[in-house]
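No lab work stands behind these numbers, since they all come straight from the coordinates. On a predicted model such as this, the values are computed, not experimentally measured, just so you know. Using ideal geometry, Cβ is built from the backbone for each residue, glycine included, and neighbour counts are taken over all protein chains shown.
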Amino acid sequence: MGEIWILLKLLRWMTNYFAEKGIDNPRLDAELLLAHVLQLDRVGLYLNYDRPLVTEELDIIRPLVKRRGQREPLQYLLGSTEFWSLEFIVTPDVLIPRADTEILVEETLGRAESEGQLLDVGTGSGAIVISLARELPNWQMVGLDISAEALAIARKNLEKHQVADQVKLLQGDLAELPVQQYDLIVSNPPYIAEKEWDELMPEVRCFEPQLALLAENNGLDCYQKLADQAISRLKSKGWLLVEVGYQQAEAVKKIFVASGLANLSVREDYSGQPRVVGGQLLKQK
Ligand SMILES: C[S@@+](CC[C@H](N)C(=O)[O-])C[C@H]1O[C@@H](n2cnc3c(N)ncnc32)[C@H](O)[C@@H]1O
């Protein structure tokens, strides 16, 4: 006869196992994974600590624990993540939206009039454009991405959040943005430099799409391309707003100024790192 696993015992075992594997928040991950499989919320877990798990449940949990131990991101195992208090479907085809990117959403909302046109470049799961569409119901928005697989996930998220009428998805390269005039262009583009690759956490390096992460020219290539085109794609007084990586804000500001953008702004994230750079087009070229 197999060993009897009550919930608390399994939770402790998973926490130790995840800690041994170098996972940052082993207890939290163990709780979230168990809660997901048992279809309980975290309070429900605490109330069921003495409940024995049946073989069928253990059979589902075992491979998920193994995958998390191999550092596969929890969000891919759960199939979803939260961003801007909304739940987004995520698969290995899309970058997992990060809490820091909510700063970009906040900065964009701070510059939005009651109606307008917005382009989100490198939309991935659609987290940014969908959060903005929910906040700005009178705006028309476009989410552009080079990856057809990412756009298929973005499409599901548009439908889930009922903004499919408001947001159009386009497959394309950020080197050739649609020839149209926008009030706001926003982007969280790839910005990791090749030389930083080996330092990334295994969750990122081994599981998230490389296409979503790496950029040439020391991580600055996409900013240059976006700034070069923004001046002909923004309406007068329109803004280009981008998320930037650690220590990139100064370089991105220089790129923006050289491209003809003005009123440069830098917004820090909640850990005090420069996170979003903005530049305004004062006159159409
Ligand atoms: C850092 S991810 C951002 C995803 C999402 N906007 C977010 O913030 O969670 C960058 C996105 O840019 C897309 N991308 C990469 N190279 C691109 C290119 N040349 N043109 C358009 N999109 C590109 C990737 O597929 C990926 O979805």
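Some values worked out for this structure:
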| item | result |
| --- | --- |
| Amide H contacts of Leu169 (H built 1.01 Å from N, under 5 Å, at least 5 apart or other chain) | Gly143 |
| Simple label model, 7 Å out from Cα along Cβ direction - Gln171 to Lys156, nm | 1.7 |
| Note, ³J(HN,Hα) from phi for region 203-217, Karplus 6.51, -1.76, 1.60, rounded to Hz, x at Gly and Pro | 4, 7, 4, 9, 10, 7, x, 4, 4, 7, 10, 7, 9, 6, 6 |
| Alpha carbon centroid spacing (whole Å) that separates region 47-86 from region 12-41 | 7 |
| Leading residue at positive end of dipole, the chain (Cβ point charges), from Leu281, Gly124, Gly110 | Leu281 |
| Simple Cβ-charge dipole of the chain, Lys/Arg +1 and Asp/Glu -1, about Cα centre, in debye nearest 20 | 300 |
| When each of Lys225/Lys283; Lys9/Lys66; Lys168/Lys254; Lys253/Lys283; Lys225/Lys253; Lys195/Lys225 is checked by Cα-Cα distance, pairs over 25 Å | Lys168/Lys254 |
| Dipole magnitude of region 7-70 about its Cα centre (Cβ charges: Lys, Arg +1; Asp, Glu -1), debye to nearest 20 | 180 |
| Under-5 Å amide H pairs with Lys235, H placed in peptide plane, nonlocal only | Tyr182, Asp183 |
| Order of Tyr182, Tyr46 under a 10 Å beta carbon neighbour criterion, fewest first | Tyr46, Tyr182 |
| Computed E for Glu20/Leu86 - FRET, C-beta separation, R0 41 angstrom, nearest 0.05 | 0.75 |
| Region 113-173-region 204-228 distance, computed between alpha-carbon centres (Å) | 20 |
| Residues of region 147-177 with amide N under 20 Å of a point placed 7 Å along Cα→Cβ from Glu135 | 157-168 |
| Residue exposure sequence - Cys222, Cys206 - by fewest surrounding Cβ within 10 Å | Cys206, Cys222 |
| Cut-off under 5 Å, modelled amide H: who pairs with Arg275 long-range | Arg267, Glu268, Asp269 |
| Within region 161-285: Cβ-based charge dipole about Cα centre, in debye rounded to nearest 20 (Lys, Arg +1; Asp, Glu -1) | 800 |
| Of the DSSP H helices in the chain, those whose Cα atoms cover at least 30 Å axially and whose Kyte score averages -1.0 or more | none |
| Calculated diffusion of region 46-87, Stokes-Einstein form, Kirkwood radius summed over Cα pairs, 37 °C and 0.692 mPa s, µm²/s | 266 |
| Cα-derived Rg to Rh of the chain, Kirkwood definition | 1.04 |
| Within the chain, helix-based [θ] at 222 nm, where runs of 4 or more DSSP H residues each add -39,500 (n - 2.57), nearest 500 | -11500 deg cm²/dmol |
| From phi via Karplus (6.51, -1.76, 1.60), per-residue ³J(HN,Hα) for region 174-185 in Hz, x at Gly/Pro | 5, 6, 9, 5, x, 7, 8, 10, 10, 7, 9, 10 |
| In nm, spacing of pseudo-spin labels at Gln210 and Tyr46 (7 Å Cα→C-beta vector) | 4.5 |
| Rg ratio (alpha-carbon, reference 2.2 N^0.38 Å) - region 7-70 | 1.02 |
